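See structure below.
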Amino acid sequence: ELLERVKEGGGENAVLRHTQRNKKVFVRERLRLLLDHADFLELSPLAGLHMPYGNVPAAGCLTGIGRICGIWCVFIASDATVKGGTIYPIGVKKQLRAQEIAMENRLLSVHLVDSGGAFLPLQSELFPDKLHGGRVFYNEAIMSAMGIPQVAVVCGSCVAGGAYIPTMAEESVIIDKIGTLFLAGPPLVKAATGEDVSPEELGGARLHSQVSGCSDHFAPSEEEAYECIRNVVSTLNCEPVPEQDREPDSPLYSPEELLGLAPLGYSCTLPVKLILSRLVDGSRFQEFKATYGTTLVTGFGHVEGHLVGIVASNGELGHDAALKGSHFVQLCGQRGIPILFLQNTAPQPAGPASISQVWHELKAQASMMAAVACAAVPKITIVIGGCFGSDSYVMCGRSFSPNFLFLWPNARVGLVDSQHFPTVPPAGDWTGEELELKQLKAKWMDFPVSSVISFHCSAFFYCAFKPVQFSALSRLEEESSAFYSSARLWDDGIILPQDTRKV
């Protein structure tokens, strides 16, 4: 339902105004005209939902991966039906993530620019810092130096900083009567000089293709613009990706069954081999160290014909499992095999543990962290259940820069699970100091000292001093949601379990 709502952009009225009054093509129709196929991988479609400054559907721009003339590309397409094309902080973050993917994978970058400029009331979150708006232009320069092609279509307004995007691209197309390019629009010219000037006179398609030279190609219509950019792509001397000789084998068990296998509880984990049998080609999986460290499943398989190493959570990540994971990740790095992490990390219980056991686990997990961080192969992480605490780092969470990170809708993301926090009722008749002192004494007397030493139990060490109130728990529950995570671009999007193979 959320995905369908996002596909409507800024809403029915905004789309009608965009297509009928402004005579423009809706952004999803633009992609249909541009890409080889209607199917493409859309990234972070739920970004921008329920932000502190309001809803910004899809963060005001569509980003994803598709093919043009058989060449894989990353596209960044403004949606002017959302807030009139105004750029919000979450929109900048989404564009930067798309550029990061293009650089990591050396993919052609295509910009469809239709922007009203930055949302000035939030300028402190858009302009001054290293990873704010100016980084988009820096990335364009770096990608050009890396030999990564970039092309752009000016299919609407390009105001202020947005004007640099097409002018820094290798080739750009501007559309007559629709595309405009200027640092300040007619209202600011009127305020500054008193002169009345039309958008076409100030920065229209004919001006920039005949006088200024800011645009390389003039297009009378949107349809001709996208045909022109396809012709440009065909001359970039990029090799199309060869088609597979034969169709990969389907799993013996239907991937549609993954929807029913998505874990809903986090106190225990689902046997992950049930999921693997519905993901890998022919349900064939060559397991590595099958009887050692069984709470982590490792091995090789093919997904859509591609050989991958698989590291999958199957319970608490103990000492043996971490050593096994470290060994396997190093093997994949040595052989140049991409790694697929299926993450369902269980929260660490607060029960007693021996000091030696704690230190052994820490050392083994540190070894696996180092192996994951240093493995110079593509890494894709899919959170199929819980993503909690330090175990999530070991399983290539966002901090460890996987090439892609996707969530299933049931996923939970947090330092700890709210179900593992001790709670106290509202204060009642006690004063704040009396209540805190009573909680401190009660919790400290019962708390196991050995758990204080454990890195996993650091959150419970905090709770020994100050148990979490019910209001804080509800907030923790909300902020652990997959939808809360995806809205803030902590991942590359929520995918349905049954679509995992395709993604």
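Any chance the stretch 242-253 includes a residue that's in a helix (DSSP H, G or I) and either within 30 Å of GLY305 (Cα to Cα) or open to solvent by less than 80 Å² (accessible area, probe 1.4 Å) (or both)?
no
Can you tell me which residue in the stretch 348-377 is modelled with the lowest pLDDT, limited to those that are crowded, with 16+ Cβ neighbours inside 10 Å and part of a loop (DSSP other than H, G, I, E, B)?
ALA350
Filter the stretch 1-14 down to the residues that are touching a Leu at 6+ places or on another chain (Cβ under 8 Å) and either open to solvent by less than 60 Å² (accessible area, probe 1.4 Å) or free of Cβ contacts under 8 Å to residues at least 24 places away in the same chain (or both) and list them by number.
Once the filter is applied, which keeps residues that are touching a Leu at 6+ places or on another chain (Cβ under 8 Å) and either open to solvent by less than 60 Å² (accessible area, probe 1.4 Å) or free of Cβ contacts under 8 Å to residues at least 24 places away in the same chain (or both), the stretch 1-14 yields LEU2, VAL6.
Among the residues of the stretch 263-281, how many are out of contact with any strand residue (DSSP E or B) (no Cβ under 8 Å at 6 or more places or on another chain), at pLDDT 80 or above and farther than 16 Å from LYS502 by Cβ?
Qualifying residue count, the stretch 263-281: 3.
Return a yes/no flag: does the stretch 40-50 have any residue that is touching a residue at least 24 places away in the same chain (Cβ under 8 Å), open to solvent by 50 Å² or more (accessible area, probe 1.4 Å), assigned to a loop (DSSP other than H, G, I, E, B) and not small (Gly, Ala, Ser).
yes
What are the residues in the stretch 158-172 that are crowded, with 22+ Cβ neighbours inside 10 Å, assigned to a helix (DSSP H, G or I) and at pLDDT 85 or above, if any?
Listed by number, the residues that qualify are ALA163, ILE165, PRO166.
Among the residues of the stretch 173-212, write down those that are part of a loop (DSSP other than H, G, I, E, B) and open to solvent by 50 Å² or more (accessible area, probe 1.4 Å).
LYS177, LEU183, GLU195, ASP196, SER212 - these are the residues of the stretch 173-212 that are part of a loop (DSSP other than H, G, I, E, B) and open to solvent by 50 Å² or more (accessible area, probe 1.4 Å).
Is it fair to say LEU331 is surrounded by fewer than 22 Cβ atoms within 10 Å (Cβ to Cβ), modelled with pLDDT of 90 or more and over 17 Å from ARG398 (Cα atoms)?
When the stated conditions are applied, LEU331 passes them.
Restricting the search to the stretch 77-109, which residues are within 12 Å of the chain's Cα centre (by Cα) and either part of a strand (DSSP E or B) or among the basic types (Lys, Arg) (or both)?
Hits for the stretch 77-109 are LYS93, LYS94, ARG97.
Hey, which of the helices (runs of 4 or more DSSP H) in the stretch 378-497, taking only ones fully inside, have at least 1 residues that are acidic (Asp, Glu) and at pLDDT 50 or above?
389-394, 432-446, 470-479
Could you grab the pairs with beta carbons closer than 6 Å, sequence gap of 6+ or different chains, first residue in the stretch 184-206 and under 17 Å from CYS155 (Cβ atoms), second one aromatic (Phe, Trp, Tyr) and not in a loop (DSSP other than H, G, I, E, B)?
Listed pairs, sorted by first residue: GLY203/PHE182; ALA205/PHE218.
Which residue pairs have Cβ atoms under 6 Å apart, sit 6 or more places apart or on different chains, and have a first residue in the stretch 24-35 that is closer than 20 Å to GLY11 by Cα and touching a residue at least 12 places away in the same chain (Cβ under 8 Å) and a second that is open to solvent by 10 Å² or more (accessible area, probe 1.4 Å) and among the polar types (S, T, N, Q)?
PHE26/THR19
Yes/no per residue for (1) open to solvent by 20 Å² or more (accessible area, probe 1.4 Å); (2) within 17 Å of ARG5 (Cα to Cα):
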position	(1), (2)
PHE26	yes, yes
TYR53	yes, no
GLY66	no, no
GLY84	yes, no
GLY91	no, no
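Open to solvent by less than 50 Å² (accessible area, probe 1.4 Å), assigned to a helix (DSSP H, G or I) and among the charged types (D, E, K, R): is that true of GLU140 in this structure?
yes
Out of all the residues in the stretch 98-137, which are surrounded by fewer than 20 Cβ atoms within 10 Å (Cβ to Cβ) and charged (D, E, K, R)?
Hits for the stretch 98-137 are GLU100, GLU104, ARG106, GLU125, ASP129, LYS130, ARG135.
Here is a check on your reading of the model: is ARG17 surrounded by fewer than 18 Cβ atoms within 10 Å (Cβ to Cβ), among the charged types (D, E, K, R) and part of a helix (DSSP H, G or I)?
Yes, satisfied.
Could you check PRO271 against (1) touching a helix residue (DSSP H, G or I) at 6+ places or on another chain (Cβ under 9 Å); (2) within 23 Å of GLY414 (Cα to Cα) and say which number it fails?
(1)
Scanning for something closer than 24 Å to VAL92 by Cα and β-branched (Val, Ile, Thr), does the stretch 206-222 turn up at least one residue?
Within the stretch 206-222, not a single residue is closer than 24 Å to VAL92 by Cα and β-branched (Val, Ile, Thr).
The values are calculated or read from the model by the stated rules, or taken from the named source; none is laboratory data. What you are looking at is a predicted structure, and each value in this text was computed from that prediction instead of being measured. Don't worry about glycine lacking a Cβ; one is built from the backbone with ideal geometry, like all the others, and counts go over all protein chains shown. Remember, those area values only see protein heavy atoms, side chains included, never the ligands or the DNA or RNA. Shrake-Rupley method; radii C 1.70, N 1.55, O 1.52, S 1.80 Å.
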